[in-house]
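*Asks:* What follows is a structure written as structure tokens; I'll ask about it next.
Coordinate-derived values only; no laboratory data. Remember, it's a predicted structure, so these values are computed and weren't measured experimentally. A quick note on method: Cβ atoms are made from the backbone with ideal geometry, for glycine too, and the neighbour counts reach across all protein chains shown.
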Amino acid sequence: MENENMNMTPDIDTASVPAPEDTTAQENPPALIKKIGGMTYIVRVHFSITSKETFSDKVKRLLRNEVRQLMEQEAAGE
């Protein structure tokens, strides 16, 4: 994976985290840029202000679901 070109956009100041009511930050969220072959993909990141789930909780939930799916596939003999 050493050929992957994955960088934060240069116009984003990662040192300061804007307040949720800052509309400039909401209109221009951070982005990851990745070039695969001749195609450049831009992935914008945003978080809900009303969410009750922390980032850590979300990652744990995603991992639990992934493990559960793998175990179900294994049990079904796939």
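*Asks:* Counting other Cβ atoms within 10 Å of each Cβ, which trypsin sites (Lys or Arg not before Pro) in the stretch 26-59 have at most 10 and sit in a DSSP loop?
*Replies:* 52
*Asks:* Name the lysines eligible as straight-distance cross-link partners of residue 52: C-alpha to C-alpha under 27 Å, and not fewer than 8 places from it in the same chain.
*Replies:* Within reach: 60.
*Asks:* Loop-only check: which chymotrypsin sites (Phe, Trp or Tyr not before Pro) in the stretch 34-78 are DSSP coil with at most 16 other Cβ within 10 angstrom?
*Replies:* For chymotrypsin sites (Phe, Trp or Tyr not before Pro) across the stretch 34-78 that sit outside H, G, I, E and B with at most 16 neighbouring Cβ atoms in 10 Å, the list reads 47.
*Asks:* First measure r as the distance between the Cβ atoms of residue 35 and residue 68, then evaluate 1/(1 + (r/R0)^6) with R0 = 25 Å and state the FRET efficiency to the nearest 0.05.
*Replies:* Here the calculated transfer efficiency is 0.15.
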